[in-house]
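The values are calculated or read from the model by the stated rules, or taken from the named source; none is laboratory data. These numbers come from a predicted model, not from an experiment. Cβ atoms come from the backbone with ideal geometry, glycine included; neighbour counts cover every protein chain shown.
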Amino acid sequence: MAPAPITAGLITLLASAGFLAGLVDAIAGGGGLVSLPALLAAGLPPPLALGTNKGQAVFGAVTSAVSFWRRGEVDRDRATPGFAAGFAGAWLGARGLLAVPLAPLRAIVIALLIAAAAVVLARRNVTPRPRALGPAARRAATLGIPLVLGAYDGFFGPGTGTMLVIAFATVFGDRLTRASGNAKVVNLASNLAAVLLFARRGVVMWSIALPMAAGNALGAATGAHLAVKNGDRLVRGVVLLVVASVVIKLALDLRG
């Protein structure tokens, strides 16, 4: 399916989707489950939609990682190996994405959208579980978690931040703010790796990614300052509606 013509109206709609994604991410997480479906709904083929989504997400990833670092909410001993492993994993994941033919990729995207939505929507308050890891186990987890989830982020993306927070809180016993800070470091690495490869392969539409990034930043700033009653419940409803609509659209495209 060819992408829709790039008009001022389409860019405005996608920038608005970027704003909503930033708002959703700030309130409850899972903003990628709004931005990526918006790009798919605009008619972009999955590789181009995934590449462009990374193009708009990388700017927010830089801002978030720097913010947590300045606040001292990053484990600096784990930051460098976590960044390197996340970068390597995402590079491999992005290369894997570009190697998958379009027809099966549509079906894979449907399955991953459903799975990522389930993780984000079913998320409950994660309880940190401090545990004494031996040096070897700690090194393995420090590299293994970012490598595996970085590969997922490079291949697909939505839900990665939630999965990283859960992993760091349950494996290392990080406080949730600390787990979020450590997750942002890996997210930055995986976004950088993916966007570098996607841009090199010409699957990032910067004419769309940059306006979406601006909308995302504004949405994130708005969400961070909003005290919305039942905001988390509202966001989950929005995510569920958006994902369900796009899954149905992609399924109909497959039949066609």
Going residue by residue through segment 104-111, is there one that turns out to be more than 14 Å from the chain's Cα centre (by Cα), more than 20 Å from Thr162 (Cβ to Cβ) and crowded, with 17+ Cβ neighbours inside 10 Å?
yes
Val74 passes all but one of the listed conditions (1) under 21 Å from Ala189 (Cβ atoms); (2) at pLDDT below 90; (3) not in a helix (DSSP H, G or I); the exception is number (2)
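Does Leu133 meet the test of being surrounded by fewer than 24 Cβ atoms within 10 Å (Cβ to Cβ) and not in a helix (DSSP H, G or I)?
yes
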Scan segment 46-65 and give yes if some residue there is modelled with pLDDT under 95, surrounded by fewer than 23 Cβ atoms within 10 Å (Cβ to Cβ) and of a type in the set (S, T, N, Q), otherwise no.
yes
Restricting attention to segment 143-166, the residues that are of a type in the set (A, V, I, L, M) and within 9 Å of Gly89 (Cα to Cα) number exactly 4
Taking into account only those residues within segment 22-33 that are within 10 Å of the chain's Cα centre (by Cα) and assigned to a helix (DSSP H, G or I), which is modelled with the lowest pLDDT?
Asp25
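From Ala115, Ala94, which residue is out of contact with any helix residue (DSSP H, G or I) (no Cβ under 9 Å at 6 or more places or on another chain), touching a residue at least 24 places away in the same chain (Cβ under 8 Å), part of a helix (DSSP H, G or I) and not charged (D, E, K, R)?
Result of the check over Ala115, Ala94: Ala115.
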Does Val120 meet the test of being surrounded by 15 or more Cβ atoms within 10 Å (Cβ to Cβ), out of contact with any Cys (no Cβ under 8 Å at 6 or more places or on another chain), modelled with pLDDT under 80 and part of a helix (DSSP H, G or I)?
yes
